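Peer 1: I have a structure here, written as structure tokens, and I will follow up with some questions on it.
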Amino acid sequence: MSSVVVQKALQETDPLGLAVAFAQVSEFCRNGANTIFGVVGLDRRPLAGIALGCPLVGPDRVRVLLARSPNAQLLLDLTREGRIALTVSEVPSHRSVQIKGDQAMLLAARPDDIRTVLRDLRAFRDRLIDADFGEGFSSSYCSFDTDDAVAVEFVPREAFTQTPGPQAGERLLRAAS
Amino acid sequence: MTSLDQIRNCLEGVVPAFLATSDKDGMPNVSEISQVHYVDPSRVALSYQFFNKTRRNVLETRVASVVVVDPDTNAQFRLDLDYEETQTAGPLFEAMRAKLAGIASHSGMEKVFRLLGSDLFLVRRIESLESHRLEWSRPCNPLSAARRVAAVLNAMDELGPLLDALLDALEQHLGIGNSMVLMLDREANRLFTVASHGYATTGIGSEIGLGSGVIGVAAAEGVPIRIGHLAAEYSYGAAIRSAAGIAENACPETVITYPGLEAPLSQIALPLRPLGKTIGVLFAESLQRNRFSYDDEDVLQLIAESLGMRILLGQSDGRDYRAVQTPQTLDYAGSVRLRHYRFDDTVFIDEAYLIKGVAGAIFWKLASEHAATGRTEFSNRELRLDPSLRLPAQFDNLESRLLLLQRRLAERGGHIQIARSGRGRFRLDVANKLELELEEI
């Protein structure tokens, strides 16, 4: 089957590119990836934050784990506003995907969330060390206090390529075609 | 309260920063960005490389949030930003362009990262975020080191020994083992090396084109240029080729080899700008990645500013030379043959290239007068008044040109020497008879 036919089939079955995004996010997280998110506050100002990982990606919900203490204001804004942008970037390839969604809910972190994220963070730490960030920094950056971890679940609505370059921000399928 | 000055190490571009924006409907957007550049205590600049969603959001809402991470301690901070303007040329743009080239080189993104503009933001608020932090101590106190290095400038009289002592002091007090001072020849749009430290060859007289490499860009823009990873477009391979291009009519044997490190990972160039006019560059480099920080840049810029003023004071010839040293000219049995090409004032001594340009013209004048009359004493004033030398009216760098000539003569065996002989005066010492040949090409 030609790539054009594949793309057309994907556009019909996955018009928002979400299935492609879920597959890529899962792959990036397994390989070692940085996870960041953004919300908008009541004052309409955006806020950026660092997440710990994505223990569940699709098909109807995306579940993100993050540390509560450094993200207190973001969590407050998120529960009010409900809209979230999540970007996962593979190290060292820089391949990145952004998923935007709404109806975000704050939930308690489950043991399997912690297990999945610890596994993915180990891979991320190893990639950082490979990329010459140093063992001390890499381990610190990828560590977290499990008691401080919380989960956020949201309904994914759109997916975009976020790999650095002129196509960053384009819908995933269009960018891939 | 955390200030931007306290967290500059987060802005080195070692760890990417994370930028959130939103569109006018309040939908957030988040992406990694390669550069958050420290501008002043209240402003940062972000690199604008593509007209993408982030860019559209910034122009639409004029607000952003960025998380930055300290690569040494893992300290993390969130900055609330208000967009002010975009600059597409000038000192800030060039400093960011050089740094971005280094970041791109480090992350294998040379073909992707290209700076279109520097987006200037006011920092409204800095929030310190909880993270697992590492202990980290600074290798030396930069302010104290700057004071000790700058003290050298008051301890020396003549420019040559002063520059040598200064570069020595950079190694002793700041651990900078490879450095040089280059002076600007504004008419030729080139910088020429007058002092170097830590290299296999001195490279005295080697040239860099204005605008080429880290040194050339620092001189052209009058702004410090710092790069943490060797970037092809700023490497001296490129710079030397460009410099050679400027003088492409010159014979290959007149090119003096640039002394710099073959594969440096960090470079920094600070313009010498007394009274706001660039006269040269203080340059340092290292085999270590990210060797020069914002603090190093501040320290070296302070030293460069003092050095610039010191050179300017020297050019005014207002000093007394109480202790004049007499260089030893070597005994030489035969005559010394000098050949001068009028085209670019290139001078050869016994078939070996000596010098060219204004310094070459100065030397030919001195040698001609000596050969014709036996004269050995000359003054800076008469050189400045001689129209054939084409020295500019202001900032003529005469001292630097004489220093270059003095050092090239010393490197060519010491049969001919120049040395200061008093206030605004110098002497030409020649071991034996000069034979002069003038080529009219």
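The values are calculated or read from the model by the stated rules, or taken from the named source; none is laboratory data. Because the structure is a prediction, the values reported are computed rather than measured. Don't worry about glycine lacking a Cβ; one is built from the backbone with ideal geometry, like all the others, and counts go over all protein chains shown.
Peer 1: Check B:Leu313, B:Leu282, B:Leu338, B:Leu307 and return the single one that is at pLDDT below 90 and either β-branched (Val, Ile, Thr) or under 29 Å from B:Arg423 (Cβ atoms) (or both).
Peer 2: B:Leu313
Peer 1: Need at least 2 residues that are small (Gly, Ala, Ser) and either modelled with pLDDT of 90 or more or surrounded by 24 or more Cβ atoms within 10 Å (Cβ to Cβ) (or both) per element, so show me which strands (runs of 3 or more DSSP E) inside region B:141-258 make the cut, counting only ones lying wholly within it.
Peer 2: Answer list for region B:141-258: B:190-197.
Peer 1: How many residues does region A:105-136 hold that are within 11 Å of chain B (Cβ to nearest Cβ) and in contact (Cβ under 8 Å) with a residue 40 or more places away in the chain?
Peer 2: Going through region A:105-136 one residue at a time, the tally reaches 2.
Peer 1: Counting just the residues of region B:1-45 that are part of a strand (DSSP E or B) and within 25 Å of the chain's Cα centre (by Cα), which one comes out farthest from A:Leu128 (Cα to Cα)?
Peer 2: Among those that are part of a strand (DSSP E or B) and within 25 Å of the chain's Cα centre (by Cα), it is B:Asp40.
Peer 1: Answer with yes or no whether B:Arg114 is at negative phi and in a loop (DSSP other than H, G, I, E, B).
Peer 2: Spelling it out, B:Arg114 is indeed at negative phi and in a loop (DSSP other than H, G, I, E, B).
Peer 1: While we're looking at this one, here's another question. Which members of region A:35-56 meet the condition of being surrounded by 24 or more Cβ atoms within 10 Å (Cβ to Cβ), of a type outside the set (Ser, Thr, Tyr) and part of a strand (DSSP E or B)?
Peer 2: Once the filter is applied, which keeps residues that are surrounded by 24 or more Cβ atoms within 10 Å (Cβ to Cβ), of a type outside the set (Ser, Thr, Tyr) and part of a strand (DSSP E or B), region A:35-56 yields A:Ile36, A:Phe37, A:Gly38, A:Val39, A:Val40, A:Pro46, A:Leu47, A:Ala48, A:Gly49, A:Gly53, A:Cys54.
Peer 1: Please specify each residue of region A:62-90 satisfying the condition of being under 22 Å from B:Val67 (Cα atoms) and assigned to a strand (DSSP E or B).
Peer 2: If the condition is that a residue be under 22 Å from B:Val67 (Cα atoms) and assigned to a strand (DSSP E or B), then A:Arg63, A:Val64, A:Leu65, A:Leu66, A:Ala67, A:Ile84, A:Ala85, A:Leu86, A:Thr87, A:Val88, A:Ser89, A:Glu90 are the ones that fit.
Peer 1: Suppose the filter is within 19 Å of A:Pro55 (Cβ to Cβ) and either in a helix (DSSP H, G or I) or more than 17 Å from the chain's Cα centre (by Cα) (or both); does A:Asp132 pass it?
Peer 2: In short, no.
Peer 1: Next up: Just to check your reading of the model, which residue among A:Ser143, A:Ser139, A:Ser93 is in a helix (DSSP H, G or I), more than 24 Å from B:Met27 (Cβ to Cβ) and within 13 Å of another protein chain (Cβ to nearest Cβ)?
Peer 2: A:Ser139
Peer 1: Scanning region B:55-88 for residues that are free of Cβ contacts under 8 Å to residues at least 60 places away in the same chain and among the hydroxyl-bearing types (Ser, Thr, Tyr), which turns out nearest to the other protein chains (Cβ to nearest Cβ)?
Peer 2: Going through the qualifying residues, I end up with B:Ser65.
Peer 1: While we're looking at this one, here's another question. Condition check: aliphatic (A, V, I, L, M), within 13 Å of another protein chain (Cβ to nearest Cβ), in contact with a helix residue (DSSP H, G or I) (Cβ under 6 Å, 6 or more places away or on another chain) and crowded, with 19+ Cβ neighbours inside 10 Å. Does A:Ala151 satisfy that?
Peer 2: no
Yes/no per residue for (1) under 26 Å from B:Ser266 (Cβ atoms); (2) assigned by TED's automatic domain parsing to the domain that holds B:Leu270; (3) surrounded by 19 or more Cβ atoms within 10 Å (Cβ to Cβ):
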position	(1), (2), (3)
B:Pro41	yes, no, no
B:Arg55	no, no, yes
B:Ser65	no, no, yes
B:Glu84	no, no, no
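Peer 1: List pairs: first residue in region B:149-170 and farther than 19 Å from B:Ser286 by Cα, second residue of a type in the set (Asp, Glu) and buried (at least 18 other Cβ atoms within 10 Å of the Cβ) anywhere in the structure, Cβ distance under 7 angstrom, at least six positions apart or on different chains.
Peer 2: B:Leu159/B:Glu399
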